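*Asks:* I'd like to ask some things about the structure below.
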Ligand SMILES: Cc1cc2nc3c(=O)[nH]c(=O)nc-3n(C[C@H](O)[C@H](O)[C@H](O)COP(=O)(O)O)c2cc1C
């Protein structure tokens with residue numbers, strides 16, 4: 001068994017175990033829609049066993065960064081269809097990462113009429129880039145009212161329906177990096193005293209309801225979840241991430257999701273990969289700073305089912321072939337990670 005061996009994860013069929021990690025690239029066009037450039041970008045990378053898309057907002061409220069896409073209307077479904085068709089034409093598989101930023105936003109990046117909402121009215125310390133005015137402080141969020149939480153869950157359900165209608169092979173819940181699901185899970189950002197705040201079970205309720213809604217649409221075997229316990233990104237803080245995630249993964253266990261996507265975080269208080277293995281030993285995707293040799297050894301040893309790679313895919317659209325043929329890797333240009341246009345996006349040539 002190695003990184004080139006095929007793999008089944010639930011209903012997902014991977015031609016190899018080299019997964020492209022989700023990466024926001026800020027190239028979406030008007031109406032939070034992917035453009036022809038995104039079609040080309042993903043087509044070029046379809047050699048991955050599985051592509052996890054950039055974070056896609058399940059609602060206008062879920063948008064927070066410049067030029068990022070959504071999956072909450074039919075125009076977006078149509079635009080994403082061109083992406084999934086291109087990847088499938090090349091023999092690849094692709095899942096949509098559903099990402100609701102919650103409080104990690106600035107109003108200048110949001111469509112008119114949308115709001116910055118979170119479990120509690122606790123502002124994250126930090127700044128975010130806006131096209132209109134450069135770096136800006138993160139918004140003070142409005143706390144979701146109890147009755148509104150079901151609407152947000154419904155947004156994830158509709159976005160999952162839209163993802164399936166757009167031809168995605170599955171969906172991944174983005175449940176880390178300080179965004180809405182992680183805000184609910186963590187004591188620092190969730191000060192609620194109702195059924196969605198308090199002990200680990202209450203803080204996990206939102207995530208469990210979202211997963212339940214997603215699997216209700218397409219079956220658990222097409223739903224993945226991405227976590228990184230104790231990740232402090234975007235001012236996230238939890239008193240006891242080990243306890244929080246043991247509860248969450250215990251509750252998720254019975255759902256038989258397609259996969260668990262775990263970002264390791266060696267300086268944190270939790271051994272994330274060990275935790276992932278405990279709860280999901282046979283459908284675990286590991287991530288963060290793996291190179292070919294380390295990931296290949298982990299798969300050979302049965303410690304991971306697959307590994308995902310983010311930065312290596314930026315300048316190496318044909319990453320799988322380069323590793324297979326032992327070709328050198330190209331370095332990406334930091335300056336064009338999030339800038340509009342083809343430069344630094346679709347103009348990295350194959351080897
Ligand atoms: C440009 C860029 C954008 C990213 N956007 C996302 C995202 O939208 N969703 C997400 O879950 N992770 C995102 N990440 C994190 C990556 O998925 C991955 O966890 C990280 O790059 C570490 O993996 P690597 O060492 O293979 O690059 C992003 C990373 C980069 C470099």
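The values are calculated or read from the model by the stated rules, or taken from the named source; none is laboratory data. Not measured: the values here are computed from a predicted model. All Cβ positions, glycine included, derive from the backbone under ideal geometry; neighbour counts span all protein chains shown.
*Asks:* For the range 312-325, which positions are free of Cβ contacts under 8 Å to residues at least 60 places away in the same chain and within 11 Å of the ligand (Cβ to nearest atom)?
*Replies:* From the range 312-325, those free of Cβ contacts under 8 Å to residues at least 60 places away in the same chain are 312, 315-316, 322, 325; that's our starting set.
312 - this is the single residue of the range 312-325 that is free of Cβ contacts under 8 Å to residues at least 60 places away in the same chain and within 11 Å of the ligand (Cβ to nearest atom).
*Asks:* Can you give me the number of residues within the range 160-172 that are farther than 11 Å from residue 93 by Cα, within 16 Å of the ligand (Cβ to nearest atom) and in contact with a helix residue (DSSP H, G or I) (Cβ under 6 Å, 6 or more places away or on another chain)?
*Replies:* Let us first name the residues in the range 160-172 that are farther than 11 Å from residue 93 by Cα, namely 160-166, 171-172.
Those still in the list that are within 16 Å of the ligand (Cβ to nearest atom) too: 163, 171-172.
Okay, now just the ones that are also in contact with a helix residue (DSSP H, G or I) (Cβ under 6 Å, 6 or more places away or on another chain), so 171.
So the answer is 1.
*Asks:* Hey, can you tell me all the residues within the range 178-218 that are on the phi > 0 side of the Ramachandran plot and without any contact (Cβ under 8 Å) to a residue 60 or more places away in the chain?
*Replies:* Residues of the range 178-218 that are on the phi > 0 side of the Ramachandran plot, as a first pass: 178, 198.
198, the sole residue that qualifies.
*Asks:* Filter the strands (runs of 3 or more DSSP E) completely within the range 1-105 down to those with at least 2 residues that are within 24 Å of residue 317 (Cα to Cα) and more than 11 Å from the ligand (Cβ to nearest atom). Before you say what the answer is, go through the steps one by one.
*Replies:* Working: elements: 7-9, 12-14, 18-20, 50-56, 94-98.
Once the strands (runs of 3 or more DSSP E) in the range 1-105 are filtered for at least 2 residues that are within 24 Å of residue 317 (Cα to Cα) and more than 11 Å from the ligand (Cβ to nearest atom), what remains is 7-9, 12-14, 50-56, 94-98.
*Asks:* I would also like to ask the following. Since residue 304 meets every condition but one in (1) in a loop (DSSP other than H, G, I, E, B); (2) over 19 Å from the mean Cα position of the chain (by Cα); (3) closer than 23 Å to residue 47 by Cα; (4) in contact (Cβ under 8 Å) with a residue 24 or more places away in the chain, which condition does it not meet?
*Replies:* Only one criterion is unmet by residue 304, namely (2).
*Asks:* Name the residues in the range 307-322 that are farther than 17 Å from residue 24 by Cβ, surrounded by fewer than 22 Cβ atoms within 10 Å (Cβ to Cβ) and within 22 Å of the chain's Cα centre (by Cα), would you? Give the derivation first.
*Replies:* Of the residues in the range 307-322, the ones farther than 17 Å from residue 24 by Cβ are 307, 316-322.
With surrounded by fewer than 22 Cβ atoms within 10 Å (Cβ to Cβ) added as a condition, the list becomes 318, 321-322.
318 - this is the single residue of the range 307-322 that is farther than 17 Å from residue 24 by Cβ, surrounded by fewer than 22 Cβ atoms within 10 Å (Cβ to Cβ) and within 22 Å of the chain's Cα centre (by Cα).
*Asks:* Being crowded, with 21+ Cβ neighbours inside 10 Å and under 14 Å from residue 298 (Cα atoms) is the filter here, so list the residues in the range 267-286 that pass it.
*Replies:* 276, 283, 284, 285, 286
*Asks:* Taking the conditions exactly as written (modelled with pLDDT of 95 or more and touching a strand residue (DSSP E or B) at 6+ places or on another chain (Cβ under 7 Å)), does residue 208 satisfy them or not? It would help to see each step written out before you state the result.
*Replies:* Working: modelled with pLDDT of 95 or more: yes; touching a strand residue (DSSP E or B) at 6+ places or on another chain (Cβ under 7 Å): no.
Criteria not met by residue 208.
*Asks:* Oh, and also: Could you please give the count of residues in the range 329-341 that are loosely packed, with under 13 Cβ neighbours inside 10 Å and assigned to a loop (DSSP other than H, G, I, E, B)?
*Replies:* So the answer is 2.
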